[in-house]
Amino acid sequence: MSYLLHLDASGRQNGSTSRAASDAHAKTLAAELGLEIRTRDLSQGLPFVNETMIEGYFTPEDQRTEAHREALQTSDELVEELMKAKALIIGIPVYNFSMPASFKAWADLVARFGVTVIYNEEGRPVGQAPNMPTKVFVAYGGTEIGSKRDFLTPWMTTFLNYIGIQDIEYQPAAED
């Protein structure tokens, strides 16, 4: 099954401009591309990286303990979901000049050495995620895209490039 992955990071369930804009575009793009939509609401909570996860990341899969496997379950699910997507839509507000913690948690869980990122002979990272059309709808309240106080979009571009996604477009959702 081919799908468009739609990530929502706003803590607001009702009245969120980033949710409204990203949802509308996800429906339009999915119809144009003939894809189903898989939505993940990041605001519902994700685990933060912890010591057991880090041990699991660097332990060969056949040597991982049950505790490693349990700790990596959400990360494995998110990585698989990302790697199978054909397009990516992100709805995200600017919180305190950057991203909500829920989005950072998602990024930390999908950036996996040897899985979504490998390093070449020169020691440079090579992203393994598919380069898919990616549109990011940013809701801001005084921190406009590209302004000196916009720390979200430069970080997001760097991160998405790091894991392999190069085809990125930013769109203001509106002011929250």
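All of the numbers you see were taken from the coordinates with simple rules; none came from a lab. Values in this document were obtained by computation on a predicted structure and should not be read as measured data. Neighbour counts run over all protein chains shown; Cβ positions are idealised from the backbone, glycine included.
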Virtual spin-label span in nm between LYS86 and GLU51, 7 Å along Cα→Cβ: 4.5 nm
Cα point-scatterer Debye curve for the chain, base-10 log of I(q)/I(0) at q = 0.14, 0.15 Å⁻¹: -0.77, -0.87
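Counting DSSP beta bridges with both partners in region 3-175, what percentage is antiparallel, nearest 5?
Numbers: 4 of 29 bridges.
The answer is about 15 percent antiparallel.
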Counted charge near ALA71, where neighbours are those whose Cβ lies closer than 11 Å (Asp, Glu -1; Lys, Arg +1): -3
Rounded tilt (10° steps) of 152-163 against the dominant C-alpha axis of the chain: 40 degrees
Burial ranking of peptide ranges 120-131, 105-116 (average Cβ count within 10 Å, highest at the top): 105-116, 120-131
On Cα atoms only, tilt of 101-110 relative to the major axis of the chain in degrees: 40 degrees
Alpha-carbon centroid distance for the pair region 1-75 / region 81-127, whole angstrom: 10 Å
